[in-house]
Amino acid sequence: PALRLDTISIFPQYFDVLRLSLIGKALAAGLIELHTHDLREFTHDRHRTVDDTPYGGGAGMVMKPEPWGEALDALLGSCPPGTERPVLVFTTPSGEPFTQRVAGQLASAPRLAFACGRYEGIDKRVMVWAREYFEVRELSLGDYVLNGGEVAALAMIEAIVRLVPGVIGNPESLVEESYSPHTEGMLEYPVYTKPARWRGLDVPPVLLSGDHGAVDDWRAARSLETTRARRPDLLGQPPSRS
Ligand code: 6GU
């Protein structure tokens, strides 16, 4: 395969949805490979415990290092000598922002592994240890809190896998979308299709004019307008704090 994905989580079933849709086709075609792992398989007690109370006190539970250590040992064991090790992504709300640029970087790796935490997070020593053996990225999906890293990993996987050559039938469709380098990191312009008049609303006439230069100018102006209104930070303006 062009890309092998491994996920480690206490809810491996979350990743079953990747077998649907476009990514499912890429899996079925052998373009990508997906291996899901249950963190609890790497525990040894009757209750398959993965969490414990935080040193220093405070609310919530912290994921214990030992099951993660064994899961990552098994991941290393799946790397034949002399082959590239996976880039190891830890999904965490305190990570660096996951952006289209990061998706593009990760899409060129031969192997990616996603370690998905729950509760208040994973004992920090796991990341410190892992840096000796893997290229580690701690990544956040955005500025909000999810209950666990699985949904964040799913979103990241979808954004990455669609950039792998052959996954999207028409690579032209990657070119004009929001955040792509081709749109200079701006938001997408509005799009229209037939009929030309619907419920009293007309398609902007320039789009029917056949004047490709005028169409390009109109789209660039709409992109700029939307980006200025919704995401001034993308234009180097200060982000609105809301
Ligand atoms: Cl990566 N994990 C969790 N639990 N919450 C998040 C997130 C990740 N990114 C944004 N919120």
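No value in this document is a laboratory result; all are computed from the given coordinates. Note that the coordinates shown come from a computational prediction; the quantities given were computed from them, not determined experimentally. Every residue, glycine among them, receives a Cβ derived from its backbone with ideal geometry; neighbour counts consider all protein chains shown.
Fully extended, how many nm does the chain gain between residue 194 and residue 19 (0.36 nm per residue separation, minus their Cα-Cα distance)? All intermediate terms of the calculation are to be shown ahead of the outcome.
Details: separation 175, 0.36 × 175 = 63.00 nm, distance 3.28 nm.
Stretched out fully, the residue 194 to residue 19 stretch lengthens by 59.7 nm.
Mind ordering 218-225, 84-91 by average Cβ neighbours within 10 Å, highest first? Don't skip to the answer; put the middle values down first.
Numbers: 218-225: 15.6, 84-91: 21.5.
In descending order of packing, they fall as 84-91, 218-225.
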**Study point:** For segment 175-242 and segment 100-124, distance of Cα centres in Å
**Key:** 31
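How high is the FRET efficiency from residue 176 to residue 129, r the C-beta distance, R0 30 Å, rounded to 0.05? Please list the in-between numbers first.
Details: r = 43 Å, r/R0 = 1.43.
Efficiency computed from Cβ-Cβ geometry: 0.10.
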Check your understanding: Taking the simple approach of a point 7 Å from Cα along Cα-to-Cβ for both residue 2 and residue 49, what is their distance in nm?
Key -> 4.6
**Study point:** Contour excess over end-to-end distance, with Cα ends at residue 208 and residue 70 and 0.36 nm allotted per residue
**Key:** 43.6 nm
**Study point:** Partner aspartates and glutamates for residue 25 [C-alpha distance under 14 Å; skip if fewer than 8 residues away on the same chain]
**Key:** 16, 33, 158
**Study point:** segment 1-109 - Debye-derived log10 I(q)/I(0), Cα point model, q = 0.14, 0.15, 0.18 Å⁻¹
**Key:** -0.75, -0.85, -1.14
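Subtract the Cα-Cα distance of residue 41 and residue 237 from 0.36 nm times their separation in residues, and report this length gain in nm to one decimal.
65.7 nm
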Practice item. Please work out whether the chain counts as rounded, prolate or oblate from its C-alpha gyration tensor, where a ≥ b ≥ c are the square roots of the eigenvalues and a/c under 1.5 means rounded, while otherwise a/b larger than b/c means prolate and anything else oblate? Key: prolate
Practice item. Just tell me which lysines come within less than 27 Å, Cα to Cα, of residue 64; anything on the same chain fewer than 8 places away is out. Key: 124
